[in-house]
1. Take Glu402 and Ser295, extend 7 Å from each Cα along the Cα→Cβ direction, and tell me the distance between the two endpoints in nm.
2. Note the listed values (1) 23.2, 70; (2) 24.1, 78; (3) 51.7, 167, then indicate which one is Rg and Dmax of the Cα atoms in Å calculated from this particular structure.
3. For every other residue with a beta carbon closer than 13 angstrom to the beta carbon of Glu43, add +1 if it is Lys or Arg and -1 if Asp or Glu, then tell me the sum.
4. Counting Lys and Arg as +1 and Asp and Glu as -1, what is the net charge of the other residues whose Cβ lies under 11 Å from the Cβ of Arg140?
5. Using a Förster radius of 22 Å, what is the FRET efficiency between Ser41 and Phe176 based on their Cβ-Cβ separation? Nearest 0.05, please.
6. Given the Cα-Cα distance of Asn464 and Lys264 and 0.36 nm per residue of separation, how much length would full extension add, in nm?
7. Charges at C-beta only: +1 for Lys and Arg, -1 for Asp and Glu. How large is the resulting dipole of the chain about its Cα centre, in Debye rounded to 20?
8. Any idea what the relative contact order of the stretch 230-315 is, in percent, if you count C-alpha pairs under 8 Å spaced at least 6 apart?
Amino acid sequence: MKLWQKISLKLKLTLLFGLIFTGMLSGFSYILYREFSNLQSEEFDTTLYNYAIDVAESLDIDSYGEVEFDPDIIKLNEKILPFALGTSYISVLDINGKVIARSSNSTDEHIVPLTEAKLTRVLKKGASYDVLNFKGTPHRAIDYLLPVLKIDSPLILQISVPMTNIVNMNKNLLRFFLTSVPIMMLISALIGYFFVGRALQPMLEIINKTKKIEINKLEERVPVPEAKDEIWLLADTINHLLSRLQESFESQERFIQDASHQLKTPLAIIKGELELFRAEPRNEKETAQFFESMSQEINFLVKLTNDLLILARVDSGANSLTISRSRLDEIVLTQVSRLTKLAYQKKISIQLDFDSFEHASEEALSIKCDPDLLGVLFYNLIENAIKYSPESSTITVAGKNEEESLIVVVSDEGEGIREDQLNKIFDRFFRIEGSFKRAMGSGLGLAICKVVADAIGAQLWAENNREKGTSFYFKVKKS
């Protein structure tokens, strides 16, 4: 078993092909040999039977009731094939097995005893066959019923002839098979080894290409054959694996770039303000302003760090999500209650319109999601609406229960978004022109909303309202 494990796949397939071919060829040769031998035996028996008929016709009874051979019996030996001259041993027996007459070359050694079963078979079918060995040579014997003799008791004509020709033919055929089958096996093994190598060539190309793919070349792919066979499936699987690895590495690189890019600015501000504060003595008012500024920057860093961690978690794949069935309306209401205080500070009212959800069953309102991340999505959407809405305005959070989907719409009464920027607001670190003056942010809130929606198979998009403000639509299929 250990030796088999060390053998290459190419050699294993060749050996397997050789064993199957050898088994089939050997079986075919055996069947062909048996059929040919049976056919030769049948032809030999037919010839022997015809020979017995000719001999029977040459027999006669003299005036004393004794059986005599025709003088032309030797000529019969000459003309009946495949029995050579003088090799036929002819005897006439009565039903008791007593020899009545025989040819000059026949002895008791050439006579097969006449048993009761054989006599019954001869009387019923007219002939019976046996095999005997004489001086190491197999002979075929026929017991033939003599219907031509006009005597009261039936007589049996027994003829023994050598089977030299048929034995030699069978030996030659067996020798041919024993010689040709190994040669065919060798030739088939060589041909099989060649074609197995050709069949495995695409796999070798895949292996060589895979060895050359490094971390900085994950965009490369292994060659995929045209025929959609097992090798095609292997190449396609490897390419999918490379795609997932590329996405994973790109996610890590993106996280590092995002973190370094966003953390640099607030850290530089904190460092600069610390150096200014240490440069000269400060009064109590300046100290309070300094700590207030530090507190804002630290809060910004905390929020930025949390956002980056959420992005990294979602980018790492579905395995990082905690999927469970949760009610969509409860998740939304929880986030509304958390943001009520912030809205109150800007004198903004949050209006709920969940009438469409009132008559829906709990199962209809439950979806498969990560409830924590989905809560972050609605928190960001509602917080974003509060930031960019004027004071004393209204934010509407509405739910719609459709036949196959659930929709949550967050609408504000702000200035709206330019049409050319609607497709960009979900990009990371993208901020609308002029938004820096109105609200502080990193540009990651809507990006997080988008990746969370994509992670649970939902849709998220924004549209400008007809009169004023913007509406964000979250649509998810019922599950």
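1. Label-label distance for Glu402 and Ser295, simple model: 4.6 nm.
2. The value matching this structure is (3).
3. -2
4. -2
5. That pair, Ser41 with Phe176, gives E of 0.75.
6. Gain on stretching Asn464 to Lys264: 68.6 nm.
7. 1620
8. Once normalised by length, the contact order is 49 percent.
All of the numbers you see were taken from the coordinates with simple rules; none came from a lab. Quick caveat, the model's predicted, so the values are computed rather than measured. When we count neighbours, we look across all protein chains shown, and the Cβ atoms used for this are built from the backbone with ideal geometry, even at glycine.
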